[in-house]
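Written below as structure tokens is the structure these notes are about.
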Amino acid sequence: MGITVLVNAGPWLAVPPPGYGGIENVVAALVPELRKRGVRVVLATVGTSTLPVDERIGVFDDGQFAQLQCPFNRVMGVAAAHLHRVVTELRRRDDITLVHDHQEAFGPTVLGALGRDAPPVLHTLHWDLGKHPALYGSIEGGGGLWVNGVSFAQLARAPRALRALSVGHVHLSTPLAVDAERRPAPRKGDHLVVLGRVTRYKGQDVAARIAHRTGRDVVLAGPVGPCHRPCEVAGADGDNPDVRYWRDDVQPLVDGDRVRWMGTVAGAARDELVASAAAALFPIDWDEPGGTAVVESLALGTPVVGYRRGCLPELVEHGRTGLLVDPGDEDALAAAVDVAGRLDPGECRREAARRFTPARMAERYLRLYDKVLTRAGRAPVSAATVPAG
């Protein structure tokens with residue numbers, strides 16, 4: 001008999017997401033690999049999710065991402081309603097072996113409070129651990145909750161209480177890394193690309209300034225708040241912090257020529273945009289915990305140029321798969337852009353195929369499931385799963 005894992009993806013986006021959606025893309029990459037290894041998966045998500053699973057539960061017909069940055073008194077019921085559905089499911093059945101939770105803040109607090117009366121919980125930390133100091137500084141597992149990071153650097157900065165619950169870290173993956181070294185190399189253009197939600201800590205304003213000072217075209221690809229297309233942003237809520245950042249700091253630098261914003265780009269169009277770029281820029285203004293866009297860029301054979309902080313030094317080999325400079329040094333970042341064109345895209349693809357495939361991520365998570373179940377006094381996963389084949 002196999003094991004059953006309830007994977008809580010949260011109520012914000014479908015799995016897989018229609019475009020932007022880092023956490024949901026991680027879940028979409030992980031779940032098929034778990035199922036190949038004999039794990040039954042119950043996915044807690046929204047109704048528009050299309051990922052094949054054994055069971056699906058949820059409350060909302062569609063993702064609630066547009067609500068995510070609304071005032072707390074308007075949005076707090078979304079996360080609560082979703083977790084209430086998850087807890088109700090756990091209470092009514094006894095076949096769930098383990099919960100793998102991906103829902104920020106509400107997930108570890110609500111599921112952790114169930115204690116030993118519920119299945120053990122592994123909560124994956126996808127975000128900046130400085131965001132909730134009162135929570136992460138005093139969190140207790142109660143004998144039923146453990147956590148993992150998505151990089152070593154992320155956990156190294158975690159509060160002591162959170163580190164005490166850690167069972168390790170697992171780097172993110174991308175399906176693009178599968179056989180990446182065997183794909184034909186696309187013809188490279190001269191443009192630079194910035195992948196990800198347009199928000200202050202991603203540094204799109206820095207990338208735009210570099211474009212104008214170096215004469216290199218930069219393409220920004222990602223949503224602005226709830227806006228996935230340029231035509232939507234004019235009427236967007238000005239109280240949304242991402243919309244304010246766009247209007248105040250980025251839009252004045254976007255001329256449609258040297259700097260372009262394409263909105264959300266997905267699928268083959270996204271892959272072509274990145275694979276043909278001379279480099280992917282990551283002028284991050286925070287300690288990036290996981291770096292989904294980083295591993296995607298490497299898998300597509302595009303060197304990474306960014307600030308040396310967060311998880312980037314763990315994912316990028318300086319001088320081989322990218323170039324990293326001191327945080328905040330725009331002069332050095334601009335100089336690195338020119339050097340990046342001399343790096344071998346094949347090295348990027350080979351590194352991604354070696355380190356960042358979904359299969360590798362799944363094997364690491366199965367080992368963490370073993371740790372969690374052992375600490376909870378349950379039978380380990382390895383006794384109930386089968387090798388992928």
Got a sec? Charge dipole of region 198-287, +1 on Cβ for Lys and Arg, -1 for Asp and Glu; which of GLY215, ILE284, GLY267 is way out at the positive end?
GLY215
What is the distance in Å between the Cα centroid of region 1-79 and that of region 232-254?
28 Å
Prolate/oblate/rounded label for region 198-293 (Cα gyration tensor, a/c 1.5)
rounded
So which lysines pass the test for LYS371, namely a Cα distance under 26 Å, with those fewer than 8 places away in the same chain ruled out?
LYS36
Three-way shape call for region 240-303 based on the alpha-carbon gyration tensor, with the a/c threshold at 1.5:
oblate
Would you mind working out the accessible area per residue for the chain, using a 1.4 Å probe, and quoting it in Å²?
41 Å²
Taking only Cα atoms, what is the 0 to 90° angle, nearest 10, from helix 358-375's long axis to the longest principal axis of the chain?
40 degrees
If one takes the longest principal axis of the Cα atoms in the chain, at what angle in degrees, from 0 to 90 and to the nearest 10, does the Cα axis of helix 22-36 lie?
50 degrees
Given a 1.4 angstrom probe, I'd like the percentage of the accessible area of the chain that is carbon and sulfur, rounded to a whole number.
50 percent
Ignoring the sites themselves, what is the longest stretch of the chain with no trypsin sites (Lys or Arg not before Pro) in a DSSP loop and at most 14 other beta-carbon atoms within 10 Å?
188-319
Report the local net charge at VAL53: Lys and Arg +1, Asp and Glu -1, summed over other residues whose C-beta lies under 11 Å from its C-beta.
+1
Can you work out D for the chain in µm² s⁻¹ from Stokes-Einstein, where Rh is the Kirkwood radius over C-alpha pairs, the temperature is 4 °C and the viscosity is 1.567 mPa s?
60 µm²/s
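The values are calculated or read from the model by the stated rules, or taken from the named source; none is laboratory data. Source: prediction; values computed, not measured. Glycine also receives a Cβ, built like all others from the backbone with ideal geometry; neighbour counts cover every protein chain displayed. Keep in mind that these areas ignore ligands, DNA and RNA; they rest on the heavy atoms of the full protein, side chains included. Shrake-Rupley method; radii C 1.70, N 1.55, O 1.52, S 1.80 Å.
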